[in-house]
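Reviewing the structure listed below.
Read the figures in this text as sums done on the coordinates, not as results from a lab. Fair warning: this is a prediction, and the values are worked out from it, not measured in the lab.
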Amino acid sequence: MKLEERLSALLGTTQFEKIEIIQSLWSGYGEIGRYENTDKSSRYYGRFIVKHISPPTSQQHPRGWDGAVAHQRKLTSYNVEAEFYQHWTNSIKLT
């Protein structure tokens, strides 16, 4: 499923757009972008940040860090981060 389709399903609207790319990720593995949902009836109205992971089909790094081990390390890192956001952030109490 494409990013736009996933966001549309989550937001319940198609009235959103990418405002800017904040940062590209390691070796072309995705980006962090700022979006805006202009649908006032949507639960998630306003601006939000999306970190979109999309591993490239071919890896090319200027210093040669594009082997299978490097690829797996990146995927593991993203999976650990996703696990944190999905399961642990709701239990953190900020004071």
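Give Lys51/Lys74; Lys18/Lys74; Lys2/Lys40 a once-over and call out the pairs whose C-alpha atoms are over 18 Å from each other. Lys18/Lys74; Lys2/Lys40, as the Cα separations exceed 18 Å there. For region 67-78, the Karplus equation 6.51 cos²θ - 1.76 cosθ + 1.60, evaluated at θ = phi - 60°, returns couplings of x, 4, 5, 5, 4, 5, 4, 5, 4, 4, 4, 5 Hz by residue, with Gly and Pro reported as x. Our coupling estimate for region 17-22, obtained by passing each phi through the Karplus curve with A = 6.51, B = -1.76, C = 1.60 and θ = phi - 60°, is 8, 7, 8, 7, 8, 7 Hz, Gly and Pro reported as x.
Taking amide hydrogens as placed 1.01 Å from N in the peptide plane, the amide H of Gly30 sits under 5 Å from those of Leu25, Ser54, each at least 5 positions away in sequence or on another chain.
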